[in-house]
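Enquirer: After the structure tokens below, expect a handful of questions from me.
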Amino acid sequence: MNENKQPAQGSESWQERLLGILKGALISIGALLPGISGGALCVILGIYKRIMALLCHPIQEIKKQWKFFIFIGIGFVIGVLLGAKVIDKFLEANEAAALFLFIGLIVGSMPGLFKEARQQGVKKGSYAALVIALVIMLAWMIPMSLMGNTNVQPSLLWWVICGVLWGLGIVVPGMSPSNIIFFFGLQAPMYAAIGNLDLSVILPMGLALLATVLGLSKGIDYCLKKQYSIFMHAVIGIVIASTIVILPPVKVLIEPGYTFATGLSDLMIYAACFLLGAVAAWALSRIQKEEA
């Protein structure tokens, strides 16, 4: 896609508008699912630069492309509402199977995430940034689990934190905030509240998301331009750490009272879910396109 040749306002066909809605829905589903980053999907769908331009220069870009962003926004809202309902039902039916599916998505997305991190070469210190980010996250998360502080009580503050994490997932390619939301045990009440249109949850999350993308977009854009490799490798470290601590076998070791079924049929279901997630994420990363 050539970013310098945008369609004139009013020239969009119904097919282009429908495609915009579909792209918005896919991005929002990516924000909901662990392992699929909304920001990475923006890259894959060829609109990341347009989104970052909007966030860095909102008034100027809205004047130029307001119709494009309206249909992306409509799709985003539709995807959030429908995706939250589906994920909530899946978690309710078999949480461990859902976790293995999500972990498969994360593992399958890792080759594409490393490819994305190496897009501008690998600078000295990139792997050190990965290891440091991973160690810091594990040093924070594992003691919290051992002390039984991971299943937090939903509150206004935590919904704001979830909104901030969602915002980071949109502006940082590869960042999957749902891993951290799962770590704190907020996934089920969050998906249920969104699916039920609970405004006491949706409004603080939405406002925090908006404030995050507007407030951090220029800083993130600066980091990506100046220290792309180091920044992206640090993101990978965060993703790996937050995935390790939601693995059911690891949760058994570090989270007091956690159990999951381990019968033969259960293990086969987990393996199938993991493979499905890994293949789906790998296939998605294969269609990634460069933006002009």
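Enquirer: Does residue 191 satisfy being farther than 21 Å from residue 280 by Cβ and in contact (Cβ under 8 Å) with a residue 40 or more places away in the chain?
Expert: Numbers: farther than 21 Å from residue 280 by Cβ: no; in contact (Cβ under 8 Å) with a residue 40 or more places away in the chain: yes.
Considered against the rule, which asks whether it is farther than 21 Å from residue 280 by Cβ and in contact (Cβ under 8 Å) with a residue 40 or more places away in the chain, residue 191 comes out as no.
Enquirer: Looking only at the range 109-120, decide whether some residue is among the polar types (S, T, N, Q), out of contact with any strand residue (DSSP E or B) (no Cβ under 9 Å at 6 or more places or on another chain) and under 30 Å from residue 266 (Cβ atoms).
Expert: Taking the range 109-120 as the starting set, the residues that turn out to be among the polar types (S, T, N, Q) are 109, 119-120.
Next, from what is left, pick out any that are out of contact with any strand residue (DSSP E or B) (no Cβ under 9 Å at 6 or more places or on another chain): 109, 119-120.
When the remaining residues are screened for being under 30 Å from residue 266 (Cβ atoms), the result is 109.
Checked the range 109-120: at least one residue is among the polar types (S, T, N, Q), out of contact with any strand residue (DSSP E or B) (no Cβ under 9 Å at 6 or more places or on another chain) and under 30 Å from residue 266 (Cβ atoms).
Enquirer: Somewhere in the range 179-189, is a residue open to solvent by 10 Å² or more (accessible area, probe 1.4 Å) and at pLDDT 85 or above?
Expert: Yes, the range 179-189 contains at least one residue that is open to solvent by 10 Å² or more (accessible area, probe 1.4 Å) and at pLDDT 85 or above.
Enquirer: List the residue pairs whose Cβ atoms are under 9 Å apart, where the first residue sits in the range 197-210 and is over 18 Å from residue 83 (Cα atoms), the second is among the β-branched types (Val, Ile, Thr), and the two are 6 or more positions apart or on different chains.
Expert: Pairs found: 204/160; 207/160; 208/160; 208/161; 208/164.
Enquirer: Kindly list, by first and then second residue, each pair from a residue in the range 263-275 that is touching a residue at least 40 places away in the same chain (Cβ under 8 Å) to a residue that is open to solvent by less than 60 Å² (accessible area, probe 1.4 Å) and among the aromatic types (Phe, Trp, Tyr), limited to pairs with Cβ atoms under 9 Å and residues at least 6 apart or on different chains.
Expert: These pairs meet every condition: 266/260; 269/100; 270/100; 270/260; 271/100; 273/100; 273/102; 274/100.
Enquirer: Another one. Counting only residues that are among the hydrophobic types (A, V, I, L, M, F, W, C) and more than 17 Å from the chain's Cα centre (by Cα), which one in the range 216-244 is least open to solvent (accessible area, probe 1.4 Å)?
Expert: The initial filter retains those residues of the range 216-244 that are among the hydrophobic types (A, V, I, L, M, F, W, C), namely 216, 220, 223-224, 230-232, 234-236, 238-241, 244.
In the following step, the residues that additionally are more than 17 Å from the chain's Cα centre (by Cα) were identified as 223-224, 230.
On the way: 223: 49, 224: 15, 230: 52 Å².
Out of the qualifying residues, it is 224.
Enquirer: Looking at the range 190-201 only, could you name the residues that are hydrophobic (A, V, I, L, M, F, W, C) and either modelled with pLDDT under 90 or under 17 Å from the mean Cα position of the chain (by Cα) (or both)? Walk me through it before giving the result.
Expert: At the first step, the residues of the range 190-201 found to be hydrophobic (A, V, I, L, M, F, W, C) are 190, 192-194, 197, 199, 201.
Passing the criteria: 190, 192, 193, 194, 197.
Enquirer: How do the helices (runs of 4 or more DSSP H) wholly within the range 186-292 filter down when requiring 2 or more residues that are touching a Ser or Thr at 6+ places or on another chain (Cβ under 6 Å), β-branched (Val, Ile, Thr) and over 27 Å from residue 111 (Cα atoms): which remain?
Expert: Details: elements: 187-195, 199-226, 228-244, 248-254, 264-286.
Qualifying helices (runs of 4 or more DSSP H): none found.
Enquirer: Oh, and also: Considering each residue of the range 77-94, count those that are touching a helix residue (DSSP H, G or I) at 6+ places or on another chain (Cβ under 8 Å), farther than 18 Å from residue 23 by Cα and not hydrophobic (A, V, I, L, M, F, W, C), and give that number.
Expert: First, pick out the residues of the range 77-94 that are touching a helix residue (DSSP H, G or I) at 6+ places or on another chain (Cβ under 8 Å): 77-85, 87-88, 90-92, 94.
Cutting the leftovers down to farther than 18 Å from residue 23 by Cα gives us 85, 87-88, 90-92, 94.
Now narrow it down to the ones that are not hydrophobic (A, V, I, L, M, F, W, C): 85, 88, 92, 94.
Adding up the residues that qualify gives 4.
Enquirer: Determine whether residue 152 is surrounded by fewer than 22 Cβ atoms within 10 Å (Cβ to Cβ), at pLDDT 85 or above and either farther than 30 Å from residue 24 by Cα or touching a helix residue (DSSP H, G or I) at 6+ places or on another chain (Cβ under 7 Å) (or both).
Expert: Judged against the criteria, residue 152 is not a match.
Enquirer: Please go through (1) in a helix (DSSP H, G or I); (2) open to solvent by 20 Å² or more (accessible area, probe 1.4 Å); (3) in contact (Cβ under 8 Å) with a residue 60 or more places away in the chain for residue 122 and return the number of the only condition it doesn't satisfy.
Expert: Residue 122 satisfies every listed condition except (1).
The values are calculated or read from the model by the stated rules, or taken from the named source; none is laboratory data. As the structure is a prediction and not an experimental result, all values here were calculated from the model. Using ideal geometry, Cβ is built from the backbone for each residue, glycine included, and neighbour counts are taken over all protein chains shown. For accessibility, only protein heavy atoms count, side chains too; no ligands or nucleic acids. Shrake-Rupley method; radii C 1.70, N 1.55, O 1.52, S 1.80 Å.
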